[in-house]
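The values are calculated or read from the model by the stated rules, or taken from the named source; none is laboratory data. Owing to the predicted nature of the structure, the values given are computational and were not obtained by experimental measurement. We place every Cβ from the backbone using ideal geometry, glycine too, and count neighbours over all the protein chains shown. These accessible areas exclude ligands, DNA and RNA; they are computed on the full protein's heavy atoms, side chains included. Shrake-Rupley method; radii C 1.70, N 1.55, O 1.52, S 1.80 Å.
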Amino acid sequence: MGSGRTFRAASLGLTLMLFCRPGAAQLTTAQEIYERAISALFREDVDMGRPRTVYVANSSDTLARLPDSSYQARSWDNGSGPRLVWGDVPLQLRTQFRDIVDHSSPVAAANLPPNVLLSGGKSSRRTLVSLSPIAFAPDSSQALVYVGVHCGGLCGGADIVYLRKANTGWIVAATFPMWRS
């Protein structure tokens, strides 16, 4: 009788450990958005592959200017259909994004994916990423985030990443290139 209780207790403990343990599939909304946005930036024109661990500068860069409404995206929903332009992003979301990047607020470490760490600043010898806080549409179905990478010398770039919520999670709908070096 004692061994039955021990077995049930061990089963319950194993079940709780499997379902309550944070895993890659259990990222928070912010972590998932940052993960997708960072991956999109390294997939585009940056002259290096994504490092195993990404270090984020402790303060986000501010944008000197935002695109005009006719500015064309680099990539779009799985390559199907016409390329999006900045004006296709809902005005309310673009306005909220403008307000966020104007204030250059830092990103909380808790919002970063597990393989992304805050760094002391741009003086580091590591490849550093700059992130803005995330702007969400009023219904939380769309988001915008600024992502830049500084890898030294003539290596780096930045995009505004436009994401949409799908049944399977967040997808990159478009990337709007801001600069490349």
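Which one of these is buried (at least 16 other Cβ atoms within 10 Å of the Cβ) and modelled with pLDDT under 85: ALA64, ALA57?
Just one listed residue meets the conditions, ALA57.
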For SER181: the one exception among (1) at pLDDT 80 or above; (2) open to solvent by 10 Å² or more (accessible area, probe 1.4 Å); (3) farther than 13 Å from VAL56 by Cβ: (1)
